[in-house]
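J.: I am attaching a structure below and will ask some questions about it afterwards.
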Amino acid sequence: MPSFPIADDYARARGLPSDLPPERPPAPILKGQAALVTGASSGIGRAIAIGLARAGARVAVNYRKSAAEADGVLAEIAADGGEAIGVQGDVSVEDQVEAMFARTVAAFGALDILVSNAGLQQDAAFDEMTLDQWRRVIDVNLTGQFLCARAAVRQFKAQGLRPEVSTARGKIICISSVHDVIPWAGHVNYAASKGGVMLMMKSLAQEVAPLRIRVNSICPGAIRTPINTQAWSTPEAYGALMDLVPYKRIGEPQDIAQAAVWLASDYADYISGINLYVDGGMTLYPGFEEGG
Ligand code: BGC
């Protein structure tokens with residue numbers, strides 16, 4: 001894991017361990033399964049793609065523009081002995097979504113896991129937010145999740161059960177955010193999109209559970225990725241961020257990847273329609289540590 005001196009200094013000053021515990025050796029709990037991860041060329045999506053592959057899945061690494069970065073993810077998976085392909089496509093465009101699912105199924109012969117991760121922020125004060133900023137965020141973060149989940153459900157129904165690889169007919173993991181429940185001033189489009197993901201996910205989970213399709217969300221808190229660089233890249237910003245995180249460290253992409261591997265596996269077979277907050281306690285109202 002790359003080092004991050006700001007986090008080390010912050011932890012050291014408080015007598016806390018500065019490092020994440022060593023990564024556990026990967027167990028092949030997704031062996032034989034085929035997965036598609038959207039927005040997988042960087043950040044959380046990249047870590048999830050690598051994590052699923054290390055757990056034995058064959059992984060389609062979706063990217064929109066960054067072919068070179070996606071190639072880097074493929075190379076890392078191959079170096080680990082895993083199998084992956086790159087699939088280009090914008091999740092907010094219907095025919096591109098259809099094409100990327102078709103390419104994935106053509107390559108792997110089936111689809112068992114969708115991790116709908118692609119998402120973006122276009123921040124603005126509410127009265128300055130343009131309709132384009134509103135639409136772009138809803139299109140990618142919410143409509144993109146709809147289009148991908150619909151394509152996955154169609155594929156799961158068409159292929160039927162594959163008991164040799166999983167008890168469930170298919171698994172969908174929506175990567176949402178703590179901001180599906182925490183209001184976020186200056187980010188109204190983003191919070192609205194994630195709130196929408198929550199009830200889309202739960203309603204869909206209810207609809208397809210009888211088919212043995214599991215639909216759940218992982219809701220990350222502050223994870224150290226390019227989307228929120230301003231929140232962790234200086235000691236001052238990092239200190240202010242830690243006021244919001246009871247566990248007193250920033251999240252790393254692998255924190256989300258490990259949760260995704262487990263949630264996609266049969267270890268989580270009875271879990272349907274939940275929001276799994278992976279946030280170091282950000283949703284615990286940290287302002288009440290002392291107040292109230
Ligand atoms: C956002 C990040 C933010 C985090 C916690 C995420 O969903 O994308 O920018 O740091 O929530 O507020």
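J.: Do you know which residues across the stretch 1-44 are of a type in the set (Val, Ile, Thr) and within 28 Å of Ser116 (Cβ to Cβ)? Before you say what the answer is, go through the steps one by one.
T.: Keep residues of the stretch 1-44 that are of a type in the set (Val, Ile, Thr), which gives 6, 29, 37-38, 44.
Hits for the stretch 1-44 are Ile29, Val37, Thr38, Ile44.
J.: Related question: Within the stretch 271-285, track down each residue that is under 18 Å from Arg224 (Cβ atoms) and assigned to a loop (DSSP other than H, G, I, E, B).
T.: Initially, the stretch 271-285 is screened for residues under 18 Å from Arg224 (Cβ atoms), giving 277-282.
Hits for the stretch 271-285 are Asp279, Gly280, Gly281.
J.: Moving on. Quick check on Val261: is it within 19 Å of Leu142 (Cα to Cα) and surrounded by 17 or more Cβ atoms within 10 Å (Cβ to Cβ)?
T.: Working: within 19 Å of Leu142 (Cα to Cα): no; surrounded by 17 or more Cβ atoms within 10 Å (Cβ to Cβ): yes.
In short, no.
J.: I would also like to ask the following. So Pro226 fits all but one of (1) open to solvent by 20 Å² or more (accessible area, probe 1.4 Å); (2) at pLDDT 95 or above; what number is the exception?
T.: If we test Pro226 against (1) open to solvent by 20 Å² or more (accessible area, probe 1.4 Å); (2) at pLDDT 95 or above, just (2) comes out false.
J.: In addition: Are any of the residues in the stretch 171-178 farther than 14 Å from Gly144 by Cα and open to solvent by 10 Å² or more (accessible area, probe 1.4 Å)? Write out each step before concluding.
T.: First, the residues of the stretch 171-178 that are farther than 14 Å from Gly144 by Cα: 171, 177-178.
Subsequent filtering for residues that are open to solvent by 10 Å² or more (accessible area, probe 1.4 Å) retains none.
Looking for residues that are farther than 14 Å from Gly144 by Cα and open to solvent by 10 Å² or more (accessible area, probe 1.4 Å), one finds none in the stretch 171-178, hence no.
J.: If you don't mind, another one. Check Ala152 against each of (1) surrounded by fewer than 23 Cβ atoms within 10 Å (Cβ to Cβ); (2) at negative phi; (3) of a type in the set (Gly, Ala, Ser) and name the one condition it does not meet.
T.: (1)
J.: Something else: Could you say whether any residue in the stretch 200-209 is on the phi < 0 side of the Ramachandran plot, within 13 Å of the ligand (Cβ to nearest atom) and touching a Cys at 6+ places or on another chain (Cβ under 7 Å)?
T.: Pass one, the stretch 200-209, residues on the phi < 0 side of the Ramachandran plot: 200-209.
Filter once more, keeping what is within 13 Å of the ligand (Cβ to nearest atom): none.
No, the stretch 200-209 has no match at all.
J.: How many residues are surrounded by fewer than 19 Cβ atoms within 10 Å (Cβ to Cβ) and in contact (Cβ under 8 Å) with a residue 12 or more places away in the chain if we restrict to the stretch 279-292?
T.: The first filter runs over the stretch 279-292 and keeps only residues surrounded by fewer than 19 Cβ atoms within 10 Å (Cβ to Cβ), leaving 281, 283-292.
So of that shortlist, the ones also in contact (Cβ under 8 Å) with a residue 12 or more places away in the chain come out as 281, 283-284, 286, 289.
Total meeting the criteria: 5.
J.: Residues being over 17 Å from Ser193 (Cβ atoms) and among the aliphatic types (A, V, I, L, M): count how many of those fall in the stretch 224-236. Even if it seems obvious, please write down each step before you answer.
T.: At the first step, the residues of the stretch 224-236 found to be over 17 Å from Ser193 (Cβ atoms) are 224-226, 229-236.
Still in the running and among the aliphatic types (A, V, I, L, M): 231.
The qualifying residues number 1.
The values are calculated or read from the model by the stated rules, or taken from the named source; none is laboratory data. Please read these numbers as outputs of a predicted model, since none were measured by experiment. Note that we place each Cβ from the backbone using ideal geometry, even for glycine, and neighbour counts take in every protein chain shown. Remember, those area values only see protein heavy atoms, side chains included, never the ligands or the DNA or RNA. Shrake-Rupley method; radii C 1.70, N 1.55, O 1.52, S 1.80 Å.
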